[in-house]
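Some notes on the structure that comes next.
The values are calculated or read from the model by the stated rules, or taken from the named source; none is laboratory data. What you are looking at is a predicted structure, and each value in this text was computed from that prediction instead of being measured. Every residue, glycine among them, receives a Cβ derived from its backbone with ideal geometry; neighbour counts consider all protein chains shown.
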Amino acid sequence: MTTTVTKTTTKTTTKSSTTARGYGWEHQKARKAALVWAVGSDCTRCGEKIESTKGIHYDHNDDRTGYLGWAHAYCNCKAGSDKAHRIRRTTVTKTTTTTTITTTITEEI
């Protein structure tokens, strides 16, 4: 009897710096300069008023070439998560598991 088991697993992950993701020094300077106008402005994602400077993000457009304004952290993170899920459904290499089992039985009579 011969048993052969082959298992292959592939997973792709990437990790980028804050600058590569659009949150580098330039973003931090722009955020700090605009923070004085945050309270009382409308959230760019849900439209409700921003009441505190805690738990807010300086929201930029999807291609990171400009800013949309202030957003509640929850609203901005949800928008980013929704976008990531849309992309992941169509382009990311999924984990693949392949299992092959071959059994050979030889009987002598």
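Cβ-Cβ distances below 9 Å connect the following pairs, each with a first residue in region 57-77 that is on the phi > 0 side of the Ramachandran plot and modelled with pLDDT under 95, a second residue that is among the acidic types (Asp, Glu) and in a strand (DSSP E or B), and a separation of six or more residues or different chains: Gly69/Asp42; Gly69/Asp59. Scanning region 35-43 finds one or more residues that are out of contact with any strand residue (DSSP E or B) (no Cβ under 6 Å at 6 or more places or on another chain) and within 18 Å of Gly22 (Cβ to Cβ). Among the residues of region 14-45, those that are assigned to a loop (DSSP other than H, G, I, E, B) and either surrounded by 13 or more Cβ atoms within 10 Å (Cβ to Cβ) or among the aromatic types (Phe, Trp, Tyr) (or both) comprise Gly22, Tyr23, Ala38, Val39, Ser41, Cys43, Thr44, Arg45.
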